[in-house]
Amino acid sequence: MMKFYKSEAPKNVSDFAKEFNFEVLRPYYDSETEEVMKRLAYDKTYLKVMAYLWPNMSEEEAIQKALNTKSPCEFQTGYMHHAIWSIINSTTTSFTYNGTEHLDRNKAYLYIANHRDILLDSALLQVILDKEEFETSEITFGSNLMEQGFITDFGKMNRMFMVKREGTVKELYDISRQLSAYIRHTILDKNVSVWIAQRNGRTKDGNDQTQTGLLKMLQMSGGKDFTKSFSELNIVPLTISFEYEPCDALKVQELYLSTLHSKYVKAPGEDLNSIITGIQQPKGKIHVTFGKPIKSELQEIDKVTNDNEKIKLLASYIDKQIHQNYKLHEVNYIAYDILNQTNVFESNYNTASKENFIKYMDSNIQKLKGEEDVLKHLFLKLYANPVVNKLG
């Protein structure tokens, strides 16, 4: 079990954070837990979730469990980690990880991760940190998912902080400055790690790419010294590799519809459906790799004079680790060969595996709306692109 952490406001606040009010963004403190858990204890959604996760627990016991929870740390160990291990045990054939030897237990890191599942990407990191006796991290969570009420309380008790996604150009600029300051404040002042996805929204086509806008946002609070600004954040590229992509059919359908419309508009409840599908869908093997902290590369990047080029180079260094650390599975090699009409990787799979993947793909495609050939092409790209990226 992980070392106990105390969640309260830090005594010392860096100058860059003093002009911002983080009250709306931040997770809950220990001192707020009792009031929050009293709200959760009698919430109908909470009781439904408890009945699903702990089918043998009575409603009264579920209520008492909430009332006895005194901190976000207890919430994570008493609720979230049990839930995530239940998902792992029921929907995967193996769960492995490597690279924790690159980390120092006394340091806080910014984990910049590829993004394949709304809930599981960050949740799997937490159970690994817990198992390896590191303190868990804070987690970015889109405001589109943070509805008032149960979801907000549940998220903030799980050390999630809100990322606002909508506003005018000026509002979005101010939001970016505040978010940048909060992430740096969490790492430097609180000495707490942060998980953030390398891009807004999940990767829909299997092509993991770090958005330069994310890095520009992070630099907003770091001053003019490029090396110092990013060195302070202790960036660690984090790669999650699923054998069977969570919500693969839903992602293909969204990509297909995006080709028909200039802007894809999500239906009400679509995000929640993706979360539930990602939890319940069989995922086969999962592997997580912790990359090496990006340090020496920063000095090399800083030799470039153009600021935009510096950001692009940093993004490429992050992507290189994420791509090289991706653990390829049989389905990735199969998809690559089918898509490109080759047998380059036939030594990595057998005929039965190929037939099973084709049946799996066809059964998913049949449920979708659109031209079958286009849908199959998108489905194959989703699984083949990690091979393309690893080949460089």
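Whose amide H sits under 5 Å from the amide H of residue 138, counting only residues 5 or more places off or on another chain, with H placed in the peptide plane?
It is 193, 194, 195, by chain and number.
Just for the chain, what percent of DSSP beta bridges are antiparallel, to the closest 5?
Of those bridges, close to 20 percent are antiparallel.
Over the Cα atoms of segment 329-392, how large are the radius of gyration and the largest Cα-Cα distance (Dmax), in Å?
Computed over the Cα atoms of segment 329-392, radius of gyration and Dmax are 11.6, 34 Å.
Roughly what would the spin-label model give for residue 30 and residue 52, points 7 Å off Cα along C-beta, in nm?
In this crude label model, residue 30 to residue 52 measures out at 3.2 nm.
Which links in 224/310; 6/156; 6/164; 216/312; 11/224 stretch past 18 Å when you go from one Cα to the other?
6/164; 11/224
Take the Cα atoms of segment 1-127, build their convex hull, and give its volume per residue in Å³.
So the per-residue Cα hull volume is 165 Å³.
Rg/Rh for segment 170-221 to two decimals, with Rh computed the Kirkwood way over all alpha-carbon pairs.
1.02
For the chain, what is the mean residue ellipticity at 222 nm derived from helices alone (per DSSP H run of n ≥ 4: -39500 (n - 2.57); sum divided by total residues; nearest 500 deg cm²/dmol)? Could the numbers behind the result be given before it?
Numbers: 17 runs with 191 residues, N = 392.
So the helix-based figure for the chain works out to -15000 deg cm²/dmol.
What is the local net charge at residue 265, summed over the other residues whose Cβ is closer than 13 Å to its Cβ (Lys, Arg +1; Asp, Glu -1)? Spell out each step's value before the answer.
Numbers: positive: 263, 266; negative: 254, 270, 271.
It works out to a net charge of -1.
7 Å from Cα along Cα→Cβ at both residue 100 and residue 340: what's the point-to-point distance in nm?
Each label point is offset 7 Å from its Cα along the Cβ direction, giving 3.6 nm.
Relative contact order for the chain: what percent, with Cα pairs under 8 Å and sequence separation of 6 or more?
This gives 20 percent for the chain.
Near residue 376, which aspartates and glutamates are there with a Cα under 19 Å away, not counting those fewer than 8 places off in the same chain?
Once the sequence-local aspartates and glutamates are set aside, what remains near residue 376 is 205, 243, 245, 248, 254, 330, 337, 355, 362.
Would you please give the FRET efficiency between residue 350 and residue 372, computed as 1/(1 + (r/R0)^6) with r the Cβ-Cβ distance and R0 = 35 Å, to the nearest 0.05?
Details: r = 26 Å, r/R0 = 0.75.
After rounding to 0.05, the efficiency reads 0.85.
Using a 1.4 Å probe and counting only protein heavy atoms, arrange 277, 168, 351 so the residue with the most accessible area comes first.
Ranked from most to least accessible, the order is 351, 168, 277.
When the chain is modelled as a GNM with alpha-carbon springs shorter than 10 Å, which of 368, 120, 218 fluctuates the most?
Comparing 368, 120, 218 in the GNM, the peak value goes to 368.
Top to bottom by accessible area (1.4 Å), largest first, where do 266, 156, 369, 11 land?
On the way: 266 95, 156 25, 369 160, 11 195 Å².
Ranked from most to least accessible, the order is 11, 369, 266, 156.
For segment 1-64, what is one quarter of the convex hull surface built on the Cα atoms, given in nm²?
With the hull built on Cα positions only, its mean projection is 6.7 nm².
Among the aspartates and glutamates, which have Cα under 19 Å from the Cα of residue 170 when same-chain residues fewer than 8 positions away are ignored?
Those aspartates and glutamates meeting the cut-off are 19.
What list of whole percents do you get for P(r) of the chain, with Cα-Cα distances grouped in 20 Å bins up to the one holding the largest distance?
26, 58, 16, 0
For an R0 of 45 angstrom, estimate the FRET efficiency from the Cβ-Cβ distance between residue 224 and residue 39 and round to the nearest 0.05. All intermediate terms of the calculation are to be shown ahead of the outcome.
Working: r = 45 Å, r/R0 = 0.99.
My answer for the efficiency is 0.50.
Using the Karplus curve 6.51 cos²θ - 1.76 cosθ + 1.60 with θ = phi - 60°, work out ³J(HN,Hα) for each residue of segment 8-18 in order, rounded to whole Hz, and write x for Gly and Pro.
Here the 3J(HN,Hα) series is 8, 5, x, 6, 10, 10, 5, 4, 5, 9, 5 Hz.
If r is the Cβ-Cβ distance from residue 70 to residue 19 and R0 is 45 Å, what FRET efficiency results, to the nearest 0.05?
Approximately 0.85, to the nearest 0.05.
Summarise the accessible area of segment 1-148 (1.4 Å probe, protein heavy atoms) by the percent that is carbon and sulfur.
Accessible surface attributable to carbon and sulfur in segment 1-148 totals 49 percent.
If you roll a 1.4 Å probe over the heavy atoms of the protein chains, what accessible area per residue do you get for the chain, in Å²?
Per residue, the chain has an accessible area of 48 Å².
So, in Å, what gap is there between the alpha-carbon centers of segment 47-94 and segment 301-369?
Comparing the Cα centres of segment 47-94 and segment 301-369, I get a distance of 35 Å.
Which length gain, in nm to one decimal place, applies between residue 258 and residue 273 when the Cα-Cα distance is subtracted from 0.36 nm times their residue separation?
Length difference between fully extended and current span is 3.5 nm.
Report the residue, chosen from 154, 20, 290, that carries the largest GNM mean-square fluctuation when the chain is represented by alpha-carbon nodes joined by springs under 10 Å.
Evaluated over the chain, the most mobile residue of the options is 20.
The values are calculated or read from the model by the stated rules, or taken from the named source; none is laboratory data. No experiment lies behind these values; they were computed from the predicted model shown. Here Cβ is always computed from backbone atoms with ideal geometry, including for glycine, and neighbour counts include all displayed protein chains. Surface areas here come from the heavy atoms of the whole protein model, side chains and all, with no ligands, DNA or RNA. Shrake-Rupley method; radii C 1.70, N 1.55, O 1.52, S 1.80 Å.
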